[in-house]
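K.L.:
Please find one structure pasted underneath; my questions will follow.
Computed from the coordinates by the stated procedures, all read-outs in this text should not be read as laboratory data. What you see is a predicted model, and the numbers here were worked out from it, not measured in a lab. Note that each Cβ is placed from the backbone with ideal geometry, even for glycine, and that neighbours are counted across all protein chains shown.
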Amino acid sequence: MEDATDRIAQPWGGRVPYGRHETWPARVDTFLADGVEPEAVQRWVQSASILHSDGDAMDIAVTDGRMVGVRGRDVDRVNRGRLGPKDLFGWQANASRDRLTRPLVRRDGRLVETDWDTAMDVVAARSRELLDRRGPGSIGFYTSGQLFLEEYYTLAVLARAGIGTNHLDGNTRLCTATAAEALKETFGCDGQPGSYDDFDHADVIALFGHNIAETQPVQWMRLLDRMEGADPPRLLCVDPRPTRVAQHAAVHLAPRGGTNVALLNALLHETIRHDRIDRDFVDAHTVGFEELAERVADCTPKWAADICDVPAARIEEAAELVGTTDALVSTVLQGVYQSHQATAAAVQINNLHLIRGMLGRPGAGLLQMNGQPTAQNTRECGANGDLPGFRNWQNDTHVADLAKVWNVEPETIPHFAPPTHAMQMYRYAEQGSIRMLWISGTNPAVSLPELSRIRSILTQERLFTVVQDLFLTETAQLADVVLPAATWGEKTGALTNADRTVHLSEKAVEPPGEARPDLDIFLDYARRMDFRDKDGGPLITWDDPESAFEAWKRCSAGRPCDYTGLSYAKLRDTSGIQWPCDEESPEGTARLYTDGIDWAHPDLCESYGKDLETGASQEVVEYRSLNPDGKAVLKAAAYRPPHEEPDEEYPFQLTTGRTIYQFHTRTKTGRAPQLDAAAPDVWVEISTADADRLGLGEGDLVDVTSRRGALRGRLRPTGIRPGLLFVPFHYGYWDTDDGSGPGPDTPGRAANEATITDWDPASKQPLFKTATAALTLVERGDGRPSPAPTTTASAPATAGVARPTAGGPAAHTAQTPAEFPHGREEGAQ
Amino acid sequence: MNGITLTLRTLHRGERHLAHDLVTVAERHRTEHEVHHVATDLAVWSREHVRRLAEAAAGHDVKLGDPPDHSPDGVFATLRKKASEAVVHRPEPGLLLLRDLRELHVAAAENSLHWEMLAQAAQASRDSGLLELASSCHPQTLRQMRWTNTMIKNLSPQLLNSL
Ligand code: SF4
């Protein structure tokens, strides 16, 4: 039976119920361009999604050298053939007419076309001049969470050992920096403990600030399927919005912004008070229990209820839910990571799992999520403010080891201080100590907080900016040199998703015009700069994706993210494999920490930890005395009030977030017709109570103003918590009159006009959810609803005020039931 | 006046100063966002220390003042804020920042030593109240020191090499 569904109207498609401990049935989702029949497809090319962190495996349909569609891979354990709406429709953006096809350089204030040689010579000449005159600290690299592993690794080698700069980070700083930091604080090392397969076995699934229905839609399909099967899981949802998760939750908590630590401390308090603790696990595998117990001793549900503004009875129910189950899976995302006390809160979720012994077995696990598809790769490769292979910059042995891999002197690799994080890099650029910023695959002029400040940094005369991207993004428009990049489907590389699953994504078609793979661009630069190792040989010895992958394998050997058992050939004939994958575990590793904590020993750990409240780093001596045997660390934290609280002038809390139809700054999804039509413009969500009080309604045009700036959008009253405004994060200016920012005819549209420059002191992740704002009416609605979708958390509180979001025939997608080959399933054991 | 009340007085003065200096530094370096926010948070600890020291002193019949006002002193704060925004694009304030962080570090270190002295004296005189006070406040003072130390360590390479 084949079934065609409008996957804009029904983003999660049809249901296939299955019971606890059973295998999630496969279903192949296919979308082909209008008029293309499956039989007419000439080649199917293996790939995986780069429009969110699921790592959904798919095949790209190719006919006459063009991409004509995609199909989920049923053999893959991550998605079992399913695809989300972004996967189904997003590929069409590759063929947009406004792709960059030639390099551009700024001449007399204007970007003009040029050839690669000229553009790259300009970049190399400026680099050399800055190196000579101001040293390596004057050059910074800001990369993405959307490139491939081979590209990050090459960039890390050329930046750290070639240029010798400490300034290399990715936009994963906005996305997964707290996930990484929280894992380092607790387990001494990065690395996702759990597996998506844990969803098949869990009894309770707690989603902390994680709107999985919209950010990881395929895993939400999995939960929906389980909820319709035998012995369904119960959900705990912590989110201020009426998300789909909230609608399906056994307990939904909608705390005030910035109060996660208070809530979590109350959950820990209840867990300890009722003695819902796995003492043996705590004794065998952790340190710090007494301190934690002491810290949360006074954090009663009543205490937290006042701070979080949720009923104490609900907190008790939530505590019972997570405290009495035998199989708890927790997931964490931006509602925690981009909010006040981000790392402190994320760590408390780790603590909950440790004291309950919920780790390392099917159905008991922890998923500190990623937002971006290849965020995990920046972390492993050290392109995100860490050293490659989860090495510890404070440990000279680790640095020496890395220097050996690269055949350079250890002093070549800057390790006198932690690698500079993105927000600090922008500060250095603002102040003038960074004079060149090379931005690859990301769009800070929309995605960073306080955009007027970011624009003023990027437009400084003295700052030389190189932007490497697919389109003339808001950021590219401000650049000095623009390099046209090839993307997914036009180049080959590996990518690793949020549960450590490595996929290979192969080149299916040629990139447009002169656009080049990011890897080729970095290699070209390295050649022009003539980077050398300590014996005078070339520093970078590889020249294509596969040889770069092989080089990375050597760097990963013996480290937690060991790739030595993988190869392109193996990834080709199996589909996703989870690292570590080496001689001992050639089929990969489903879960970390199945028999204890592996990487927290003082000699092995990636980090000695930080003070969660101040960010002060610990030294090895302290770490050694605290944790001599390398157990997991139960790190307590006190609640502190947010840095900005509503007042008379700015009476609302303001939060931003992601929605199902758009990705990042809409660079690609805004160019896929079905996705664009589903959510074409920014909107502002308000609670019905606040809307009534202010006499405002659906479709009214409003200004959201903060101390930093303003944006304008149409209002959507929803079931969001009172006192809070929500604005989607994705919208920028490339499709408006003024191009790169607000202008005379373009009022503010990006949520980040209004967000605050503040970051978590431990993870350095900027906070997008803790600003305050005022709301003013610009103009009454004209009867047209706001452009917010009705299928998601943005659904109107009053049914019928807006036409249901639908894609029509253009969004019809096939769903075919399929057999999942049992041999490779890890599940029902 | 005995040595304990003398130490309480000294520490009270020291924590008052530190609270004030943290807020001043936070204002002066508004455009160094991390310094601004964390210094503001850390000032809360010192204010709390001042309050608790005054309480303890009252138990020893010594009257010590309240913590300084929460808000930094109006006009000057505005001036400092304006000054910090005026130089947002200049490198030189980096030196001033390092100097300020150093001063904070030294002030916190002095307080730390005084907490040590107080704790020792409390032990010798079996004053469990004071010992409790010292052992709950001193760790926060140490954390203030670690923070300034970390910031200096992280920022110096860039700031001193770019002048
Ligand atoms: S939109 Fe957010 S969650 Fe998605 S990639 Fe960007 S920062 Fe991460």
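K.L.:
Two decimals is fine: what is log10 I(q)/I(0) at q = 0.13, 0.15, 0.20, 0.21 Å⁻¹ for the range B:3-161, from a Debye sum with one equal scatterer on every Cα and no solvent?
P.N.:
Listed by q, the Debye log ratios stand at -0.62, -0.78, -1.17, -1.25.
K.L.:
Another question, if that's okay. Over 22 Å apart: what share of the alpha carbon pairs of the range A:434-544 falls there, rounded to a whole percent?
P.N.:
48 percent
K.L.:
Report, in listed order, any pair from A:K610/A:K764; A:K553/A:K668; A:K404/A:K534; B:K82/B:K153 with a Cα-Cα distance greater than 19 Å.
P.N.:
The answer is A:K553/A:K668; B:K82/B:K153.
K.L.:
While we're on this one: Report the GluC sites (Glu not before Pro) located in the range A:2-64 that are in a DSSP loop and have at most 13 other Cβ atoms inside 10 Å of their Cβ, or state none.
P.N.:
In loop regions of the range A:2-64 (DSSP not H, G, I, E or B), the sparsely surrounded GluC sites (Glu not before Pro) are A:E2.
K.L.:
For A:D98 and A:A806, FRET efficiency with R0 = 30 Å and r from the beta-carbon atoms, rounded to 0.05?
P.N.:
0.65
K.L.:
Measure off 7 Å from each Cα along the Cα-to-Cβ vector at A:D735 and A:R780, then give the distance between these two points in nanometres to one decimal.
P.N.:
The modelled label-to-label distance comes out at 3.0 nm.
K.L.:
From the residues A:V28, A:A811, A:G164, which one has its Cα farthest along the dipole of chain A in the positive direction, the dipole being from +1 and -1 charges on Cβ of Lys/Arg and Asp/Glu about the Cα centre?
P.N.:
Of A:V28, A:A811, A:G164, it is A:A811.
K.L.:
7 Å from Cα along Cα→Cβ at both A:D298 and A:T594: what's the point-to-point distance in nm?
P.N.:
Inter-label distance under the simple model: 4.5 nm.
K.L.:
Give me a single rounded figure for B:36-47: the average over its residues of other chain Cβ atoms within 10 Å of their Cβ.
P.N.:
Mean partner-chain Cβ count within 10 Å for B:36-47: 3.
K.L.:
When only Cα pairs under 8 Å and 6 or more residues apart are kept, what is the percent relative contact order across the range A:348-460?
P.N.:
Over the range A:348-460, the number comes to 12 percent.
K.L.:
Which aspartates and glutamates, on any chain, are close to A:K769 with Cα under 15 Å apart, when same-chain ones fewer than 8 places away are left out?
P.N.:
A:K769 reaches A:D239, A:E450, A:E644, A:E645, A:E685, A:E753, A:D758, A:D760.
K.L.:
Let me ask something additional. Any idea what diffusion coefficient the range A:336-407 gets from Stokes-Einstein, in µm²/s, Kirkwood Rh on alpha carbon pairs, 20 °C, 1.002 mPa s?
P.N.:
The Stokes-Einstein estimate is 146 µm²/s.
K.L.:
Follow-up. Would you mind estimating how fast the range A:72-158 diffuses translationally, via Stokes-Einstein at 10 °C and 1.306 mPa s with the Kirkwood radius over Cα pairs, in µm²/s?
P.N.:
After rounding, the answer is 92 µm²/s.
K.L.:
For the range B:86-131, just run the numbers: alpha carbon Rg, then divide by 2.2 N^0.38 Å, N being how many residues it has.
P.N.:
1.95
K.L.:
Based on alpha-carbon positions alone, could you give the equivalent ellipsoid semi-axes of the range A:7-141 from the gyration tensor, as √(5λ), descending, whole Å?
P.N.:
Output for the range A:7-141: semi-axes of 43, 21, 13 Å.
K.L.:
Then there is this: What's the local net charge at A:S786, with K and R +1, D and E -1, over the other residues with C-beta under 10 Å away?
P.N.:
Summing Lys and Arg as +1 and Asp and Glu as -1 gives -1.
K.L.:
I need to check one value: relative contact order of chain A, counting alpha carbon pairs closer than 8 Å and at least 6 residues apart, in percent.
P.N.:
It comes to 21 percent, rounded to a whole number.
K.L.:
Please work out the Cα center distance from the range A:418-454 to the range A:737-764, rounded to the nearest Å.
P.N.:
Cα centroid to Cα centroid, the span is 13 Å.
K.L.:
Also, I was wondering about something else. What dipole magnitude, in Debye to the nearest 20, does chain B give about its Cα centre under +1 on Lys/Arg Cβ and -1 on Asp/Glu Cβ?
P.N.:
240 debye
K.L.:
Here's another thing I want to ask about it. Rounded to two decimal places and with Rh computed the Kirkwood way over Cα pairs, what is Rg over Rh for the range A:383-456?
P.N.:
1.07
K.L.:
Moving on to the next point. In debye to the nearest 20, how big a dipole does chain A give about its Cα centre with +1 on each Lys and Arg Cβ and -1 on each Asp and Glu Cβ?
P.N.:
Around 1160 debye, computed over chain A.
K.L.:
Still on this structure, please answer the following. Work out the charge dipole of the range B:3-161 with +1 on the Cβ of Lys and Arg and -1 on the Cβ of Asp and Glu about the Cα centre, then indicate which of B:I4, B:Q144, B:L131 is farthest towards its positive end.
P.N.:
B:Q144
K.L.:
What translational diffusion coefficient, in µm²/s and rounded to a whole number, does the Stokes-Einstein relation yield for the range A:755-818 at 37 °C and a viscosity of 0.692 mPa s, taking the hydrodynamic radius as the Kirkwood radius over Cα pairs?
P.N.:
Approximately 198 µm²/s, per Stokes-Einstein.
K.L.:
While we're here: Restricting to the protein assembly as shown, what percent of DSSP beta bridges are antiparallel, rounded to 5?
P.N.:
Beta bridges within the protein assembly as shown, antiparallel portion: roughly 55 percent.
K.L.:
Would you mind ranking A:H812, B:H138 so that the residue whose beta carbon has the fewest other beta carbons within 10 Å leads the list?
P.N.:
Sorted ascending by nearby Cβ count, the order is A:H812, B:H138.
K.L.:
Can you bin every Cα-Cα distance in the range A:677-718 into 5 Å intervals starting at zero and give me the percent of pairs per bin, rounded to whole numbers?
P.N.:
6, 23, 27, 23, 15, 5, 1
K.L.:
Using Cβ contacts closer than 10 Å as the measure, can you line up A:E151, A:E685, A:E514, A:E490 from fewest to most?
P.N.:
With the sparsest Cβ surroundings first, the list reads A:E514, A:E490, A:E685, A:E151.
K.L.:
Just to be sure I follow: if Rg is taken over the C-alpha atoms of the range A:192-297 and Rh is the Kirkwood radius over the same atoms, what is Rg/Rh?
P.N.:
That ratio is 1.01, to two decimals.
K.L.:
Something else about it: State the extension gain, in nm to one decimal, for the chain segment bounded by B:E55 and B:A109, taking 0.36 nm per residue of separation less the distance between their alpha-carbons.
P.N.:
The span from B:E55 to B:A109 would gain 17.2 nm if fully extended.
K.L.:
Would you mind checking the radius of gyration and Dmax of the range B:102-153 based on alpha-carbon positions, in Å?
P.N.:
So, for the range B:102-153, Rg and Dmax equal 12.3, 40 Å respectively.
K.L.:
So, one more: Provide, as a two-decimal number, the C-alpha radius of gyration of the protein assembly as shown over 2.2 N^0.38 Å, N being how many residues it has.
P.N.:
Expressed relative to 2.2 N^0.38 Å, the Cα Rg reads 0.91.
K.L.:
Same structure, new question: Grab the Cα-Cα distance for A:E317 and A:R462, subtract it from 0.36 nm times how many residues apart they are, and report the gain in nm with one decimal.
P.N.:
Extra length available between A:E317 and A:R462 comes to 46.5 nm.
K.L.:
Write out the trypsin sites (Lys or Arg not before Pro) in the range A:484-562 meeting two conditions: DSSP loop, and at most 14 other Cβ atoms within 10 Å of their Cβ.
P.N.:
A:K534
K.L.:
Between A:R43 and A:D117, take the C-beta separation as r, use R0 = 30 Å, and let me know the FRET efficiency to the nearest 0.05.
P.N.:
0.35
K.L.:
Further, regarding this structure: Find the all-direction average of the projected area of the Cα convex hull for the range A:652-798, expressing the result in square nanometres with one decimal place.
P.N.:
If you wrap the Cα atoms of the range A:652-798 in a convex hull and average its projections, you get 9.0 nm².
K.L.:
Full-extension gain between A:D278 and A:A250, please, as 0.36 nm times their residue separation minus the C-alpha to C-alpha distance.
P.N.:
Difference between extended and current length: 7.7 nm.
K.L.:
Along the charge dipole of the protein assembly as shown, Cβ charges K/R +1 and D/E -1, which of A:V633, A:L612, A:T589 sits furthest on the positive end?
P.N.:
Highest projection toward the positive end goes to A:L612.
K.L.:
With charges only on Cβ, +1 for K and R and -1 for D and E, what is the dipole size of the range A:652-798 about its Cα centre, in debye, rounded to 20?
P.N.:
It works out to roughly 420 debye.
K.L.:
Among the trypsin sites (Lys or Arg not before Pro) in the range A:1-95, which ones are in a DSSP loop with at most 14 other Cβ atoms within 10 Å of the Cβ? Mind listing them?
P.N.:
A:R15
K.L.:
Expressed as a whole number of Å, what is the distance separating the alpha-carbon centroids of the range A:297-356 and the range A:1-76?
P.N.:
If you average the Cα positions of each part, the centres end up 36 Å apart.
K.L.:
To continue, here is another question. Where the Cα atoms of the range A:117-273 are projected onto their three principal axes, how long is each span, largest first, in whole Å?
P.N.:
Result for the range A:117-273: principal-axis Cα extents of 65, 34, 28 Å.
K.L.:
Using Cα centres only, tell me the gap between the range A:539-599 and the range A:185-229 in whole Å.
P.N.:
Cα centres, the range A:539-599 to the range A:185-229: 23 Å.
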